[in-house]
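**Student:** My questions will all concern the structure given below.
The values are calculated or read from the model by the stated rules, or taken from the named source; none is laboratory data. Just so you know, these numbers come straight off a predicted model, no measurement behind them. Cβ placement follows ideal geometry from the backbone for every residue including glycine, while neighbour counts extend to all protein chains displayed.
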Amino acid sequence: MPPKFGTSGLRGLVTDLTDDLVHAHVRAFLAACPHGGAVHVGRDLRDSSPRIAATVIAAIRGAGLLAVDCGAVPTPALAMSAMARGHAAVMVTGSHIPADRNGLKFYLPSGEIAKTDEAAILAALNEGGAPDGATEGALEQDADCAARYVARYRDGFGAQALSGLRIGVYEHSSVARETLAEIVAALGGKVVRIARSDSFIPVDTEAVDPETRTALSGWTAEHRLDAIVSTDGDADRPMVTNARGALVPGDVLGPLTAQLLGARIVVTPVSSNTLVEAMEGFEVRRSQIGSPFVIAGMEEALAEDPAAQVVGYEANGGFLLGFEARGPEGAIAPLMTRDAVLPIVAPLAAARAKRCGLEELAAQLPPRFTAADRVQEIPSDRSMALVEALRASADERAAFFDTGSDETGIDETDGLRVGFANGEVVHLRPSGNAPECRLYTEADSAERAQALLEAHMTRLAERLGARA
């Protein structure tokens, strides 16, 4: 599958991400989008990322612009740093996809690129992109990018927010492994470092494999931890467990974070847990899946009321802050890009303040539970053909879906989301940026949601001709 460019950026096999291809996409971005005269560049810890980042920097400087090299930093730290100076940014990362793949994420001075920017970049790609500059642009090193990100949380939450808690930091190959440990320590938590990897591990926080789940449970018991925290490869998606080592889903972390920050409007994709609608104090607006759609919903709310206390989150846990919130100790500035740290710190701080664990805190929410997984290495057209067949035929849906209850309706906002009379939900969605088909389930108990997931994953793999 050749490299694909979309709103999530450019992604493809490392062998296909040649210097010429990377150079052309960076120059197209510079031609099509505002950049403020400079571009900040960061990268994750994949073996291929330094080479690709060097090519990105060369393309920026060749266009006569300042390149700010931030090194290996979390994606939200890079975006925060660039936006604070009114500059664009490029993050070299494949996020949660395997190590033999990589990619680029593009940021405007105002935040993530939108669908309209995607179209403009593709048009500029066909027209040759930005030309060479009259002189080579300067190169600046920014060694303090991650430190400013740590300060964001220290200043907002204070030095005692996690005091008394033993927090495991599952390091693997996350680019945030040092930064996350520094943040936990700065907030008073005791850091226990776990399972650092010298090779890249593709961690998908929305579809954690059984072996990792077992390891998380074992680590919490072995080290007597109150929680384990981690992120995906580029640190825009969180991973959090409770004291038993059980994962706390992203669409539970999201409402808990929104509560602590005093949000009034919540924008979240159609795939997120419906418990948020049952909570008091929120106006909930649903979107298609993907941070650009969440951002569009947040921007719509801010256009209606510039003082709107609006946040967004995805089922993967990435959290977006659209207003200046008040933390326990200070202001937390808006950050309209997907962030992993805020939905890690806020629920832990809230649980400590209430003198309970994350499990008890989550138990106070309305009892709705989700599960998610995906069938990988499936061409997108095959997944789309299956979804279309199910969408078009009630008989096909009756043969595929098995909840023991009658269908009550379908939602086609993004993929095919089917509701049933017993309140259960099964949702299929072909990925827009990887060769995989995602499956989401929702029910009134965690056990039932997992059972629905496992049964339908087997059926989905069979229909797609793959192994679950």
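**Student:** Can you go through 139, 180, 162, 125 and tell me which one is in contact with a Gly (Cβ under 9 Å, 6 or more places away or on another chain) and either on the phi < 0 side of the Ramachandran plot or surrounded by fewer than 22 Cβ atoms within 10 Å (Cβ to Cβ) (or both)?
**Tutor:** Numbers: 139 fails: in contact with a Gly (Cβ under 9 Å, 6 or more places away or on another chain); 180 fails: in contact with a Gly (Cβ under 9 Å, 6 or more places away or on another chain); 125 fails: in contact with a Gly (Cβ under 9 Å, 6 or more places away or on another chain).
Result: 162 is the single residue among 139, 180, 162, 125 that is in contact with a Gly (Cβ under 9 Å, 6 or more places away or on another chain) and either on the phi < 0 side of the Ramachandran plot or surrounded by fewer than 22 Cβ atoms within 10 Å (Cβ to Cβ) (or both).
**Student:** Continuing with this model, one more query. Looking for something in contact with a Lys or Arg (Cβ under 8 Å, 6 or more places away or on another chain) and among the acidic types (Asp, Glu) - is there at least one such residue anywhere in region 213-232?
**Tutor:** Yes, the conditions are met somewhere in region 213-232.
**Student:** Looking only at region 169-214, how many residues end up being touching a His at 6+ places or on another chain (Cβ under 6 Å) and within 27 Å of residue 354 (Cβ to Cβ)?
**Tutor:** Count: 1.
**Student:** Looking at 214, 268, 257, which is the one that is at pLDDT 95 or above, over 23 Å from residue 336 (Cα atoms) and either touching a strand residue (DSSP E or B) at 6+ places or on another chain (Cβ under 7 Å) or surrounded by fewer than 23 Cβ atoms within 10 Å (Cβ to Cβ) (or both)?
**Tutor:** The conditions single out 214.
**Student:** Please find, among 26, 14, 68, the residue that is under 22 Å from the mean Cα position of the chain (by Cα) and modelled with pLDDT of 95 or more. Explain how you work it out, then say what you get.
**Tutor:** Details: 26 fails: under 22 Å from the mean Cα position of the chain (by Cα); 68 fails: under 22 Å from the mean Cα position of the chain (by Cα).
Going through 26, 14, 68 in turn, just one is under 22 Å from the mean Cα position of the chain (by Cα) and modelled with pLDDT of 95 or more: 14.
**Student:** Shifting gears a bit: Among the residues of region 307-363, count how many are buried (at least 18 other Cβ atoms within 10 Å of the Cβ) and part of a strand (DSSP E or B).
**Tutor:** 14
**Student:** Taking the condition of being surrounded by fewer than 17 Cβ atoms within 10 Å (Cβ to Cβ), part of a helix (DSSP H, G or I) and touching a strand residue (DSSP E or B) at 6+ places or on another chain (Cβ under 6 Å), how many residues in region 274-301 meet it?
**Tutor:** Of the residues in region 274-301, 1 are surrounded by fewer than 17 Cβ atoms within 10 Å (Cβ to Cβ), part of a helix (DSSP H, G or I) and touching a strand residue (DSSP E or B) at 6+ places or on another chain (Cβ under 6 Å).
**Student:** OK, next. Enumerate the strands (runs of 3 or more DSSP E) found wholly within region 375-468, keeping only those where 1 or more residues are out of contact with any helix residue (DSSP H, G or I) (no Cβ under 6 Å at 6 or more places or on another chain), of a type in the set (Lys, Arg) and touching a residue at least 12 places away in the same chain (Cβ under 8 Å). Talk me through it step by step, then tell me what you get.
**Tutor:** On the way: elements: 407-411, 416-420, 425-430, 436-443.
In region 375-468, the matching strands (runs of 3 or more DSSP E) lie at 416-420, 425-430, 436-443.
**Student:** Then there's this: Name the pairs whose Cβ atoms lie under 6 Å apart, with the first residue in region 335-363 and over 16 Å from residue 325 (Cβ atoms), the second part of a helix (DSSP H, G or I) and among the polar types (S, T, N, Q), and 6 or more positions between them or separate chains?
**Tutor:** Taking only residues 6 or more apart or on different chains, the pairs are 338/291.
**Student:** Can I ask one more? Test of understanding: among 283, 277, which residue is free of Cβ contacts under 8 Å to residues at least 12 places away in the same chain and of a type outside the set (S, T, N, Q)?
**Tutor:** 277
Every residue, every condition in (1) in contact (Cβ under 8 Å) with a residue 60 or more places away in the chain; (2) not charged (D, E, K, R), yes or no:
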{"residue": "289", "(1), (2)": "yes, yes"}
{"residue": "301", "(1), (2)": "no, yes"}
{"residue": "304", "(1), (2)": "no, no"}
{"residue": "310", "(1), (2)": "no, yes"}
{"residue": "321", "(1), (2)": "yes, yes"}
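**Student:** I've got another one for you. Please determine, by comparing only the residues of region 11-46 that are free of Cβ contacts under 8 Å to residues at least 24 places away in the same chain and among the acidic types (Asp, Glu), which one is surrounded by the fewest Cβ atoms within 10 Å (Cβ to Cβ).
**Tutor:** The residue in question is 20.
**Student:** Also: Take residue 164 and tell me if it is farther than 22 Å from residue 37 by Cβ, modelled with pLDDT of 95 or more and not hydrophobic (A, V, I, L, M, F, W, C). Show your work before the answer.
**Tutor:** Numbers: farther than 22 Å from residue 37 by Cβ: yes; modelled with pLDDT of 95 or more: yes; not hydrophobic (A, V, I, L, M, F, W, C): yes.
Taking the combined requirement at face value, the residue satisfies it.
**Student:** So is residue 58 without any contact (Cβ under 8 Å) to a residue 60 or more places away in the chain and assigned by TED's automatic domain parsing to the domain that holds residue 114 or not? Working first, answer last.
**Tutor:** On the way: without any contact (Cβ under 8 Å) to a residue 60 or more places away in the chain: yes; assigned by TED's automatic domain parsing to the domain that holds residue 114: yes.
For residue 58, the condition - without any contact (Cβ under 8 Å) to a residue 60 or more places away in the chain and assigned by TED's automatic domain parsing to the domain that holds residue 114 - is met.
**Student:** Tell me, which residue of region 192-211 that is of a type in the set (Asp, Glu) and either surrounded by 13 or more Cβ atoms within 10 Å (Cβ to Cβ) or in contact (Cβ under 8 Å) with a residue 60 or more places away in the chain (or both) is nearest to residue 250 (Cα to Cα)? Don't jump to the end; show me each part of the working.
**Tutor:** In the first step, residues of region 192-211 are kept if they are of a type in the set (Asp, Glu); the result is 198, 204, 206, 209, 211.
With either surrounded by 13 or more Cβ atoms within 10 Å (Cβ to Cβ) or in contact (Cβ under 8 Å) with a residue 60 or more places away in the chain (or both) added as a condition, the list becomes 204, 206.
On the way: 204: 12, 206: 8 Å.
Among them, the one singled out is 206.
**Student:** Based on what the data block shows, is residue 8 more than 24 Å from residue 123 (Cα to Cα), among the polar types (S, T, N, Q) and surrounded by fewer than 24 Cβ atoms within 10 Å (Cβ to Cβ)?
**Tutor:** Numbers: more than 24 Å from residue 123 (Cα to Cα): no; among the polar types (S, T, N, Q): yes; surrounded by fewer than 24 Cβ atoms within 10 Å (Cβ to Cβ): yes.
Spelling it out, it is not the case that residue 8 is more than 24 Å from residue 123 (Cα to Cα), among the polar types (S, T, N, Q) and surrounded by fewer than 24 Cβ atoms within 10 Å (Cβ to Cβ).
**Student:** When you check residue 370 against the structure, is it β-branched (Val, Ile, Thr), more than 19 Å from the chain's Cα centre (by Cα) and buried (at least 20 other Cβ atoms within 10 Å of the Cβ), yes or no?
**Tutor:** No, not satisfied.
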